[in-house]
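Here's the structure, in structure tokens; my notes come after.
Laboratory data are not the source of any read-out in this text; all were calculated from the coordinates shown. These figures come from a predicted structure and were not determined experimentally. Backbone-built Cβ (ideal geometry, glycine too); neighbour counts: all protein chains shown.
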Amino acid sequence: MAAVKKSLVVEALRRSQMTELLAKGKRLDGRGPLDYRPIRIETGVISKASGSARVIIGNTEVIAGVKVETGTPFPDTPDQGLLVVNAEVLPLASPYAEPGPPDEDAIELARVVDRGIRESQMIDVSKLVIKEGEKVYAVFVDVSVLNVDGNLFDTTSYAVVSALLTAKYKRHEIVDGKLKQLEDTEPLPLKTIPTSVTMAKIGDTVVVDPTDEEEAVMDARLTITTDSNGNICAGQKGNAGTFSFEQMQSAADISRMKGEENRKVIREVTGFAN
Amino acid sequence: MSEKKERKTMPGEALAVVEEFEPGEGTYSNGDSVRAAAVGIAEFDLKQRKVIVKSPVKKPALPTKGDSVEGVVESAQSNVINMRILRINGKPNEANFTGMLSTRQDPQRRGRRITVAKVADLMRATVYSTKNAIIHLALERDNDGVLSTVCSICGGGVVRINDRVKCKECGYVDERMLAPDFRGV
Amino acid sequence: MTALINEQGLRHDGRRIEDLRPIKIEVGILKNANGSAYIEFGKNKIIAAVYGPKEVHPKHMALPDRAVLRCRYHMSPFSTDTRKNPAPSRREIEISKVVREALEPAIMINDYPRTAIDVFLEVLQSDGGSRCAGINAASVALADAGINMRDLVSACAAGKVGGQVVLDLDDTEDKEGQADVPVAIMPNFDQVTLFQLDGILTQEEFKKAFGFALGGCRKLYQLQKEALMKKYFGHGEPIVEENE
């Protein structure tokens, strides 16, 4: 996940080049500060999964698969189904990615994406109960990052959301005390489309959808997730830089505006109306 | 009117504007203002137009030029010795810094280069540079050199014989750059 | 159970909307560490310890132009209602990362090239807002370690409980509430160094919660300064600014 790090000279050069351009309102790839790279979403790419999606933003590519299984609810939430979001940056995704247990970057990625889905109450987990306190549905969303070129947060988030929006699961019943799988399938009980918007602060400029190059020199990162009503439902600042109070407020506005734009793209592909 | 003014301060607090005072020790300048970098007493030198922060907080003990350091030799190659620093100016230090002693320039005795130190020796040296954040050591002071060692053949205790050491067990005689206060084990 | 906010506008523990829990900060409580601090923040009891600058191991992790800041946020197994597995959880790994990133902007890491600075946060007893409490303690522990700092880092959370935006959520409010927004700032620069948010807030609620959190951070900043004053100058009165 780490971009072209460790080479101070290259970083410094890139940074000065970038800040010069940004002062003129431009970026290395010709975009304006608030432009996303083209977003491509494809759903149903893995037929063995309950739902799946491949999302490509610029050169960043991830694939998300949903598996709906049955499980035991947590003791403190006997009336709720389970949601587990996991992300892995595959070793094939970047020359800097290495196999092994997820590092803190991958853990942060998964947890921030998970937070957006969970806190927006996208999934009505109260409807994923087979028998209260005993059997519930467990929705596993696993994300594999295939190619790294910045903004893994949004790419992953859109993939998870798109996979969930198109997922269908086999229903279960308890018959004579035994769990029985039914043949009919059903879409997940979904209420809203949480859409994350990730911003990078480079010098004094805030840009959306940073590339790998931009992430390598950025001061700080900020991800804000909004739901279909424009409410803010998750946020995370990353990296050892800072944001001014005004930048925080304007970031909240940007996240709502860009979030709505990108939500439209997701709606078009998935056909989800809310 | 006194020439100094004082006030208690905390990291980050603005002490003066750069046009009025020059930043000194314990302060830093951040664009327009001079700010404290530590907990302490800001002293404004009204004559020199300089502000410093005198901190009661113990500073991290980092080896600096001129320090006398003692430590254990971790590796000794033909031209370079790496020493793990255990004491700085006589005070124990647990930061585990490694100093580098180049032996290429060292004095020759009897027409050939002598062994300065071997792995696991305890020795004393002087920091002569911390350029590029590498701690360069030299045997500059009269009391620099190996402080203690054991026989490199059998591990037995040694005694000093002039500028050499002799093993009390096997009688092997080895050479070292010995410090005046060398002690055999 | 009692309502999260009653008719008088008081919270389940009797606080008003914009009240902090009782807070106590003590500087320099560990002998071995280069700097340390202890904070009680509601029921949170957290020790912060700083070691370094020291040699980096493994050596190839060292950076030529600055110190490597490392941070470990860890919860003791007995710190929670049910025993917590002592192995670091994903939550702890993430918090370690965001805490590190919250502290780093305030540390003059370029003064200590090729070294490591270790910050340890041990949560002995946990309550809501432990990451913020930990940051407050870590920041004064860094100052106590004599490490050059641009500013202190002060942290406090706001959130939404019982339909209202409130300051500083405790465990119950965190679990039962609708949103939690931990924030850390560099108080002399008005810069945000930590920001997280979970739960649903309208744009207006967000602005209010963010404002509450900033106000909380400012109060914490005063307490941090008092704690450092007490350790180094023997009294706890806040510094009186001189006007020239």
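Find the strands (runs of 3 or more DSSP E) located wholly in segment A:159-274 whose residues include 2 or more that are touching a helix residue (DSSP H, G or I) at 6+ places or on another chain (Cβ under 9 Å), and list them.
A:195-202, A:205-208, A:220-226, A:232-238
For segment C:8-60, give me the residue count where each residue is within 14 Å of another protein chain (Cβ to nearest Cβ) and of a type outside the set (A, V, I, L, M, F, W, C).
15
So which residues in segment B:60-89 are buried (at least 20 other Cβ atoms within 10 Å of the Cβ) and either basic (Lys, Arg) or away from chain C (no Cβ under 11 Å) (or both), if there are any at all?
If the condition is that a residue be buried (at least 20 other Cβ atoms within 10 Å of the Cβ) and either basic (Lys, Arg) or away from chain C (no Cβ under 11 Å) (or both), then B:Asp67, B:Val69, B:Glu70, B:Gly71, B:Val73, B:Ile81, B:Met83, B:Ile88 are the ones that fit.
Each row is one residue, and each column tells you yes or no for (1) touching a residue at least 40 places away in the same chain (Cβ under 8 Å); (2) β-branched (Val, Ile, Thr); (3) over 20 Å from C:Lys97 (Cβ atoms).
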position	(1), (2), (3)
A:Leu13	no, no, yes
A:Met18	yes, no, yes
A:Asn59	yes, no, yes
A:Val84	yes, yes, yes
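Against the condition over 19 Å from the mean Cα position of the chain (by Cα), surrounded by 20 or more Cβ atoms within 10 Å (Cβ to Cβ) and free of Cβ contacts under 8 Å to residues at least 60 places away in the same chain, how does B:Leu46 come out, does it pass?
No; evaluated as a whole, the condition is false for this residue.
Looking at (1) at the interface with chain C (Cβ under 8 Å from one of its Cβ atoms); (2) on the phi > 0 side of the Ramachandran plot; (3) of a type in the set (Gly, Ala, Ser), can you tell me which one A:Gly203 breaks?
(1)
Taking the options A:Ala220, A:Ala216, A:Ala167, name whichever one is buried (at least 18 other Cβ atoms within 10 Å of the Cβ) and within 12 Å of chain C (Cβ to nearest Cβ).
Within the list A:Ala220, A:Ala216, A:Ala167, the selection yields A:Ala220.
Checking the conditions here, which among C:Asp190, C:Asp151 is of a type in the set (Asp, Glu), within 14 Å of chain B (Cβ to nearest Cβ) and free of Cβ contacts under 8 Å to residues at least 24 places away in the same chain?
C:Asp190
For C:Ala33, are the conditions met, namely being in contact (Cβ under 8 Å) with a residue 60 or more places away in the chain and closer than 21 Å to C:Asn136 by Cβ?
Yes, satisfied.
Among the residues of segment C:55-100, write down those that are touching a Phe, Trp or Tyr at 6+ places or on another chain (Cβ under 7 Å), in contact (Cβ under 8 Å) with a residue 40 or more places away in the chain and surrounded by 21 or more Cβ atoms within 10 Å (Cβ to Cβ).
Selection gives C:Ala67, C:Val99.
Mind counting the residues in segment B:24-33 that are more than 10 Å from every other protein chain (Cβ to nearest Cβ) and over 15 Å from B:Glu6 (Cα atoms)?
3
When you go through (1) surrounded by 21 or more Cβ atoms within 10 Å (Cβ to Cβ); (2) more than 8 Å from chain C (Cβ to nearest Cβ) one by one for A:Glu246, which number turns out not to apply?
(1)
Would segment A:117-131 turn up any residue that is farther than 15 Å from A:Thr156 by Cβ, basic (Lys, Arg) and in contact (Cβ under 8 Å) with a residue 60 or more places away in the chain?
For segment A:117-131, residues farther than 15 Å from A:Thr156 by Cβ, basic (Lys, Arg) and in contact (Cβ under 8 Å) with a residue 60 or more places away in the chain: present.
From the list C:Gly128, C:Gly146, C:Gly159, exactly one residue is outside any helix (DSSP H, G or I) and under 21 Å from C:Pro88 (Cβ atoms). Which is it?
Selected residue: C:Gly128, the only one of C:Gly128, C:Gly146, C:Gly159 that is outside any helix (DSSP H, G or I) and under 21 Å from C:Pro88 (Cβ atoms).
Within segment A:227-236, can one find any residue that is out of contact with any Lys or Arg (no Cβ under 7 Å at 6 or more places or on another chain) and away from chain C (no Cβ under 14 Å)?
Within segment A:227-236 (the criterion being out of contact with any Lys or Arg (no Cβ under 7 Å at 6 or more places or on another chain) and away from chain C (no Cβ under 14 Å)), the answer is no, since none of the residues qualifies.
Of the numbered conditions (1) of a type outside the set (D, E, K, R); (2) under 16 Å from the mean Cα position of the chain (by Cα); (3) farther than 15 Å from C:Leu152 by Cβ, C:Gln191 satisfies every one except a single condition; which is it?
Every condition holds for C:Gln191 apart from (3).
Tally up the residues in segment C:105-121 that are part of a helix (DSSP H, G or I) and either more than 13 Å from chain A (Cβ to nearest Cβ) or without any contact (Cβ under 8 Å) to a residue 60 or more places away in the chain (or both), please.
Number satisfying all stated conditions: 3.
Checking A:Ser126 against (1) more than 17 Å from the chain's Cα centre (by Cα); (2) within 14 Å of chain C (Cβ to nearest Cβ); (3) in a helix (DSSP H, G or I), only one condition comes out false. Which one?
So the condition that A:Ser126 fails would be (2).
Quick one: in segment B:90-99, of everything that is within 12 Å of chain C (Cβ to nearest Cβ) and assigned to a strand (DSSP E or B), which residue is surrounded by the most Cβ atoms within 10 Å (Cβ to Cβ)?
Per the criteria, the residue is B:Gly99.
Which condition breaks for B:Val57 when tested against (1) among the aliphatic types (A, V, I, L, M); (2) more than 9 Å from chain C (Cβ to nearest Cβ); (3) not in a strand (DSSP E or B)?
Among (1) among the aliphatic types (A, V, I, L, M); (2) more than 9 Å from chain C (Cβ to nearest Cβ); (3) not in a strand (DSSP E or B), B:Val57 violates only (2).
Is there a residue being over 13 Å from C:Ala138 (Cα atoms), among the acidic types (Asp, Glu) and within 14 Å of chain B (Cβ to nearest Cβ) anywhere in segment C:65-73?
Within segment C:65-73, one or more residues are over 13 Å from C:Ala138 (Cα atoms), among the acidic types (Asp, Glu) and within 14 Å of chain B (Cβ to nearest Cβ).
Here are some residues: A:Val45, A:Val68. Which one is touching a strand residue (DSSP E or B) at 6+ places or on another chain (Cβ under 9 Å) and in a strand (DSSP E or B)?
The conditions single out A:Val68.
Filter segment A:88-122 for residues that are surrounded by 15 or more Cβ atoms within 10 Å (Cβ to Cβ), within 14 Å of another protein chain (Cβ to nearest Cβ) and not in a helix (DSSP H, G or I) and give the result.
A:Glu88, A:Pro102, A:Asp103, A:Ser120, A:Gln121, A:Met122
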